[in-house]
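To start, the structure under review is shown below, and the notes come after it.
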Amino acid sequence: MIRKLIILATCLGPLAACGGGDPVLRGPSPAQLRAVERLSDQDFAVPVPGGQALLMPVFSDKKLIDPHPGIERVVIGVQDPARNAGLEFDRLTRLFADQSSTMTIVPQFLAAQDTDRHRLGPDFARWTLDGWKDGGNSRPAAFADQGALASSFEAIDALLLFLADRQSFPDLKQVALVGFGQTARFVQLYAATAQGLGATERAGIAVRFVVAAADTYVYFDEERPSRDDATGFAEFDRRQCNAFNYWPYGFVLPAPYASASGALARDQARVYAQRDVVYLIGERDSDVGERGCEARAQGRDRPERLTNYLRYLAKLNGAPVETHRRFTAPGVGNDPVALYASPCGRAALSGADKC
């Protein structure tokens with residue numbers, strides 16, 4: 001299989017930060033255990049320390065190596081837990097098929113079974129089945145290989161650095177990063193800890209984070225919704241769930257990327273409050289989502305967890321966070337296609353302030 005190397009972003013600042021280890025793993029689903037069938041024929045190079053790079057497939061409706069005058073918006077989608085990046089790519093490209101000024105990109109975070117099946121060399125990044133979802137580091141191609149590793153969040157940093165190049169994207173105004181369900185957590189965690197937004201800020205490119213029907217959220221302290229007070233918060237009794245505040249539910253033992261800046265969780269909360277975040281959910285979405293005790297500590301189901309989290313952010317910041325908005329799509333249930341295509345979904349992805 002002949003593959004095309006398209007771009008190598010310059011390794012600057014936080015992109016060089018790289019550590020070992022992964023977030024705590026959950027049991028994989030059968031779909032996660034299967035190797036993916038579909039790969040993009042475009043690859044993106046993620047810089048790692050020592051002047052090296054790891055490759056990852058990237059779906060895009062444009063050739064990334066070309067200049068893109070006239071592109072004003074880029075939507076970066078996050079693949080589903082089974083790593084079917086092509087599925088998310090198809091959803092988003094259909095949504096924007098009539099908009100020539102919008103470009104769609106979906107990076108594909110592969111696992112070892114994927115690189116083995118498609119006979120990809122050791123220069124391709126591979127993650128554990130769940131580690132990529134929480135910003136974890138890639139794994140060596142072989143047990144004895146001690147080569148440099150890359151966080152899945154560093155891959156997003158590199159993409160944003162690439163998009164901030166005004167020679168390639170002279171007209172770009174906005175980037176939206178979107179994930180649905182379990183992988184909406186990827187978007188929210190990245191928004192809370194992102195270290196690679198400097199290039200887009202300097203280029204005057206707005207970055208929006210669309211957290212669509214997330215199962216859980218990252219909390220910045222040990223408080224959770226109170227069981228005794230429907231509108232209050234209290235320090236959670238860890239006897240009910242010992243791992244309630246471990247990454248990705250809180251900042252205990254975070255992924256190396258999240259701890260690389262050295263910022264305390266309360267400082268990270270202030271940074272997060274300044275970011276443009278839309279929490280998108282269907283009016284009829286009553287899905288429980290994740291069922292572990294860490295998720296139940298945040299609420300009974302997706303809608304309640306979102307309501308609780310917005311109240312929690314307001315409590316932390318002393319008032320509702322103006323840059324964080326809830327968009328509720330009328331008549332939509334637990335369906336990513338309907339949610340994205342709804343007026344509220346389109347508004348979220350287009351940078352609108354309300355739907």
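Where a number appears in this text, it was derived from the coordinates with a stated rule and is not lab data. Nothing here was measured: the structure is a model prediction, and the numbers come from that model. Cβ atoms come from the backbone with ideal geometry, glycine included; neighbour counts cover every protein chain shown.
List of remarks:
- Percent of alpha-carbon pairs separated by more than 40 Å within the chain: 8 percent
- The stretch between A112 and R166, if pulled fully straight at 0.36 nm per residue, gains 15.9 nm over its current Cα-Cα span.
- With all pairs of separate Cα atoms included, region 296-335 yields a Kirkwood hydrodynamic radius of 11.4 Å.
- Extension gain, E304 to E283: 0.36 nm times the residue separation minus the Cα-Cα distance gives 6.4 nm.
- Residues within the reach of a label modelled at A338 (point 7 angstrom out along Cα to beta-carbon, backbone nitrogen below 18 Å), restricted to region 82-115, are 91-92, 95.
- Largest-first ellipsoid semi-axes for region 212-275, taking √(5λ) over the Cα gyration tensor eigenvalues, angstrom: 22, 15, 12
- Inter-label distance for R38 and S350, nm, one decimal - labels placed 7 Å from Cα along Cα-to-Cβ: 2.6 nm
- The GluC sites (Glu not before Pro) of region 282-355 that meet both conditions, a loop assignment by DSSP and at most 11 other Cβ atoms within 10 Å of the site Cβ, are E322.
- Sites listed here are trypsin sites (Lys or Arg not before Pro) in region 243-313 whose DSSP assignment is loop and whose Cβ has at most 12 other Cβ atoms within 10 Å: R291.
- Value of relative contact order over the chain, rounded to a whole percent, pairs C-alpha under 8 Å and six or more apart: 16 percent
- Taking the convex hull of Cα positions in region 277-355, its mean projected area over all directions (nm²): 5.3 nm²
- Crossing angle, helix 85-95 versus the chain [Cα axis fit, 0-90 degrees, rounded to tens]: 80 degrees
- Within straight-line reach of K173, meaning a Cα separation under 21 Å, sit the following lysines at least 8 residues removed in sequence or on another chain: K62, K63, K354.
- Here the chain carries DSSP beta bridges of which approximately 30% are antiparallel, counting only pairs with both residues inside.
- For region 145-194: rounded, prolate or oblate by the Cα gyration tensor [a/c cutoff 1.5]: oblate
- Here the spin labels are modelled as points 7 Å beyond Cα on the Cα-Cβ line, and at D228 and E72 they lie 5.5 nm apart.
- Alpha-carbon gyration tensor eigenvalues x 5, square-rooted, for region 51-124, Å: 25, 16, 8
- Taking Lys and Arg as +1 and Asp and Glu as -1, the other residues whose beta-carbon sits under 14 Å from that of R117 total +2.
- Volume of the Cα convex hull of region 75-206, divided per residue and given in Å³: 122 Å³
- Against the rule of thumb 2.2 N^0.38 Å, how large the Cα Rg of region 198-317 comes out: 1.11
- An ellipsoid equivalent to region 122-280, defined through the eigenvalues of its Cα gyration tensor, has semi-axes of 29, 22, 13 Å when rounded to whole angstrom and sorted largest first.
- In this structure the amide hydrogen of F124, modeled in the peptide plane, comes within under 5 Å of the amide hydrogens of L55, none closer than 5 places in sequence on its chain.
- Assigned charges on the beta-carbon of Lys, Arg, Asp, Glu; the chain dipole about Cα centre (debye): 200 debye
- Ordering 83-91, 235-243 by mean Cβ neighbour count within 10 Å, with the highest value first, yields 83-91, 235-243.
- Folded to 0 to 90 degrees: helix 152-163 orientation relative to the chain principal axis, Cα: 60 degrees
- Furthest towards positive pole of dipole, A234, L161, Q188, structure part region 143-251, Cβ charges: L161
- Principal-axis tilt of helix 302-317 within the chain, Cα atoms, nearest 10 degrees: 80 degrees
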